[in-house]
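S.K.: Could you have a look at this structure, given as structure tokens, before my questions?
The values are calculated or read from the model by the stated rules, or taken from the named source; none is laboratory data. Note that the structure is predicted; figures quoted are calculated from it, not measured. Heads up, the Cβs are rebuilt from the backbone with ideal geometry, glycines too, and the neighbour counts pull from every protein chain shown. Calculation scope for accessible area: heavy atoms of the full protein, side chains included, ligands and nucleic acids excluded. Shrake-Rupley method; radii C 1.70, N 1.55, O 1.52, S 1.80 Å.
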Amino acid sequence: MFSFLYNPGKFFIAAEKSHNYIKMTAIYLMIIGILYALVFSPDDYQQGFTVKIMFIHVPAAWLAMFTYALMTIYGILALSFKITFGYIFIKAVAPIGLIFTLMCLITGSIWGKPMWGTWWVWDARLTSVLILGIFYIIIMILNRSFDDIENGEKISTIFVLLGSINLPIIKFSVDWWNTLHQPASISKLASPSIEISLLLPLIVMTIAFKVLFLFLISLRVRAEINIRKQILKE
Amino acid sequence: MILASNISCKRGNNLIFENLNFKIEDGVATIISGKNGSGKTSLLRILANLLKPKKGDIIWKGKSIYKNIDEYHKELTYIADINCSKENLSVYENMKFWKNLYKSSISNDLFLKLLSNIDLDNYINERVKNLSSGQKRKLELTRLIIEERHTWILDEPFLGLDQHSVSIIGQTISDHLKQKGTVILSSHIPVNITNKTYIDLDLHESN
Amino acid sequence: MSQINKNLFIFFKSILSISFRDIKIQFRNMSYIYSIMIFFIMIILIFIFAIGPDEEQLKVYLIPILWSILILCSCISINNLLKDDYLDGNFGIYQFTGISFELIAISKIFTSWILYQLPILILMPFIAFIIEINETKIFHLIITIAIGSPILTVFTLISSAMMLTNSKNLILGSIIMIPLCIPVIIFSIGAITNDQELFTAQINILLSIFFASLAIGPWVISGCIKIALKN
């Protein structure tokens, strides 16, 4: 029943069948979410209108990390159970992860300019998200810089797994580094409670982003499978 | 005895050979012949488990070698088409290293005997980078004796050797065959080996 | 019992012979090791010229700079560590010895540390003497380098093993290695520049990274070598 999750052919068929549904759901949810967030939810009394950036920033950040988790799972599947779909998946999904990471960083710095007065601070969160982005870039480079395609895929999958061990350590160490070097006043993003009128649009936006993510995955993975077929035919 | 069933090999986008079946028996030298690019080296690398065939299986002692890989490795001596001796070490140091690495029981006296057999005894303390290419190849072939293995896989062993050395190596191979050893080699040079069969890769060429 | 001991002895001899041979080859031609040491000193000089002769500033910046240069020095040897053995077919013959590649990876870690990190560790007291920082800090610096440089060696070997089949993009090895080194540099610099209580805590974390990398490293390295061999 779940074989479409690791079988390229079945994934292709499932993705083709569900293409339209996912696309329309993503569009509708996006429209609802954006309208809800921009028009119907109140401004923050301190941050004003800039708080609305949160509705893009937070789902993007979650997805940036979620993508890496997914890649790790598929990496383990690929290396230990010899499921080739894992390699295809990692190759296809790494750019999506990079896009969400960049989205998170850019919206973050747009929010930071009026709030903190600078585009960039070496805050622990910002730094570790930047490193996450660098990991995505390295994975993409590794996939493309080997003569033998299968070799590049295996090496980049090993790097994904290495990163999944190392990223938490990096996050921890950067937190440590940050508290040593800077006063903790900067990480204002962690607000203890959130108003329900802001939470609802956030949930809608999160779901909308997740569906968009699914849509992007189904597109990218199908493209990758097609490329694979082309190579095998030659 | 090694059985190859239906092995196919693909390098890059070219299918080199397809559905190859053969049998390698103990006590008989199997000589793999074929023109350049017909996949001699690839076939030997597949037999030495240095390359995965695209399809097919290799059966040894009634089992697939991929299920019994450690035991299979302990039977093999593989001599590649390149020399693996280190240029900055002397002839003796290289041989000593192989002896330690392969846990061989060969004594030091035999080293000298071996080297004098192939006219290298004057070079025993010479760095390998100062040897000629034929001498380097002969040094490489001493591994056959040092490693004391049952199955020999030799990729172009006579590359750059003179007639005299070729006959000595041929004699060594014949001696090994008499002790029911297995020898698989690829060569362009005709060799004087008593018991031999041929696998011609040109006949199996795809396309 | 003695039979088992003898077999064990032969087995270790066979592994150690790889290490000894690697060390011997490098010692025949010391120029590479000297070059790394000189490179290390040269970059310190460059930084001193860039910062200026002001002693107060030098005292603040030089320890972080020393650690950064240590990482750079590890990076430049990435393409030397395993490539020779791969190109002349030595990994091929290791496969038939019955020694697993994990053990060979451990022996490679050992030799690479001795060849490329130990000279810098020996150099360290002299450098510290030149830049005149106080004694406890020199002591802390040497301890962190002694714990941290094996970790760097493991990471260089990992990226080196990943780059075995790649001959066109040589800088990629360093790109893989540097992000992995971030925790090491943070905790070592933290251990040196902070006060005594935090020192032990950070050294403990550094030690845990050390053991973790020694546990995972050989496994990853051997996996990459096997992938490269089956190519």
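S.K.: So which residues in the stretch A:136-164 are modelled with pLDDT of 85 or more, within 7 Å of chain C (Cβ to nearest Cβ) and open to solvent by 30 Å² or more (accessible area, probe 1.4 Å)?
M.R.: A:Ile141, A:Lys154
S.K.: Moving on. Specify the residue that is farthest from A:Ile155 (Cα to Cα); the eligible residues are those in the stretch C:125-182 that are without any contact (Cβ under 8 Å) to a residue 40 or more places away in the chain, assigned to a helix (DSSP H, G or I) and within 11 Å of another protein chain (Cβ to nearest Cβ).
M.R.: C:Ile182
S.K.: Turning to a different aspect of this structure: Could you please give the count of residues in the stretch C:185-210 that are acidic (Asp, Glu) and either within 13 Å of A:Val174 (Cα to Cα) or crowded, with 22+ Cβ neighbours inside 10 Å (or both)?
M.R.: Of the residues in the stretch C:185-210, the ones acidic (Asp, Glu) are C:195, C:197.
Of the ones still in play, those that are also either within 13 Å of A:Val174 (Cα to Cα) or crowded, with 22+ Cβ neighbours inside 10 Å (or both) are none.
Looking only at that region, the number is 0.
S.K.: In the stretch C:89-121, what count of residues is obtained for those that are open to solvent by 10 Å² or more (accessible area, probe 1.4 Å), at the interface with chain B (Cβ under 9 Å from one of its Cβ atoms) and either charged (D, E, K, R) or without any contact (Cβ under 8 Å) to a residue 24 or more places away in the chain (or both)?
M.R.: Looking only at that region, the number is 2.
S.K.: Given the conditions (1) farther than 23 Å from C:Leu118 by Cα; (2) modelled with pLDDT of 90 or more, and given that C:Asp54 satisfies all but one, which numbered condition is not satisfied?
M.R.: (2)
S.K.: How many residues does the stretch B:19-48 hold that are part of a loop (DSSP other than H, G, I, E, B) and either touching a residue at least 40 places away in the same chain (Cβ under 8 Å) or more than 20 Å from B:Ser187 (Cα to Cα) (or both)?
M.R.: Count: 9.
S.K.: Can you tell me which residue is nearest to the other protein chains (Cβ to nearest Cβ) among those in the stretch B:66-92 that are in a helix (DSSP H, G or I) and surrounded by fewer than 20 Cβ atoms within 10 Å (Cβ to Cβ)? Give the steps one after another, and end with the answer.
M.R.: As a first pass, look at the stretch B:66-92 and keep what is in a helix (DSSP H, G or I): B:66-67, B:69-73, B:91-92.
Now narrow it down to the ones that are surrounded by fewer than 20 Cβ atoms within 10 Å (Cβ to Cβ): B:66-67, B:69-71, B:73, B:92.
Numbers: B:Tyr66: 12, B:Lys67: 15, B:Ile69: 9, B:Asp70: 7, B:Glu71: 9, B:His73: 5, B:Tyr92: 12 Å.
Ranking the candidates gives B:His73 first.
S.K.: Any idea which residue in the stretch B:35-65 is farthest from the chain's Cα centre (by Cα), counting only those that are open to solvent by less than 10 Å² (accessible area, probe 1.4 Å) and within 14 Å of another protein chain (Cβ to nearest Cβ)?
M.R.: B:Ile65
S.K.: Okay, next question. Looking at C:Leu16, C:Leu8 in this structure, which one is over 30 Å from C:Ile65 (Cβ atoms), in contact with a Ser or Thr (Cβ under 8 Å, 6 or more places away or on another chain), outside any loop (DSSP other than H, G, I, E, B) and within 14 Å of chain B (Cβ to nearest Cβ)?
M.R.: C:Leu16
S.K.: For the stretch C:136-155, give me the residue count where each residue is among the polar types (S, T, N, Q), open to solvent by less than 20 Å² (accessible area, probe 1.4 Å) and over 24 Å from C:Leu81 (Cβ atoms).
M.R.: 0
S.K.: Which condition breaks for A:Pro42 when tested against (1) outside any helix (DSSP H, G or I); (2) within 21 Å of the chain's Cα centre (by Cα)?
M.R.: Single failed check for A:Pro42: (2).
S.K.: Same structure, new question: In the stretch B:35-78, which residues are in contact with a helix residue (DSSP H, G or I) (Cβ under 7 Å, 6 or more places away or on another chain), under 16 Å from B:Asn21 (Cα atoms), at pLDDT 85 or above and among the hydroxyl-bearing types (Ser, Thr, Tyr)?
M.R.: Matches in the stretch B:35-78: none.
S.K.: I want to confirm something. Restricting to the stretch A:198-234 and keeping residues that are closer than 16 Å to A:Val58 by Cα and at pLDDT below 80, which single residue is most open to solvent (accessible area, probe 1.4 Å)?
M.R.: Applying the filter and picking the extreme gives A:Leu199.
S.K.: Hey, could you check the stretch C:20-30 for residues that are surrounded by 18 or more Cβ atoms within 10 Å (Cβ to Cβ) and more than 7 Å from chain B (Cβ to nearest Cβ) and say which is nearest to C:Asn90 (Cα to Cα)?
M.R.: C:Asp22
S.K.: On to the next question. Given the structure, is C:Tyr86 of a type in the set (Phe, Trp, Tyr) and either within 14 Å of chain B (Cβ to nearest Cβ) or assigned to a loop (DSSP other than H, G, I, E, B) (or both)?
M.R.: Values: of a type in the set (Phe, Trp, Tyr): yes; either within 14 Å of chain B (Cβ to nearest Cβ) or assigned to a loop (DSSP other than H, G, I, E, B) (or both): yes.
So C:Tyr86 passes the test.
S.K.: Write out, first by first residue and then by second, each pair whose Cβ atoms fall under 6 Å of each other, whose residues are 6+ apart or on separate chains, and whose first residue, in the stretch A:56-82, is within 22 Å of A:Ile34 (Cα to Cα) while the second is in a loop (DSSP other than H, G, I, E, B).
M.R.: Close Cβ pairs satisfying both conditions: none exist.
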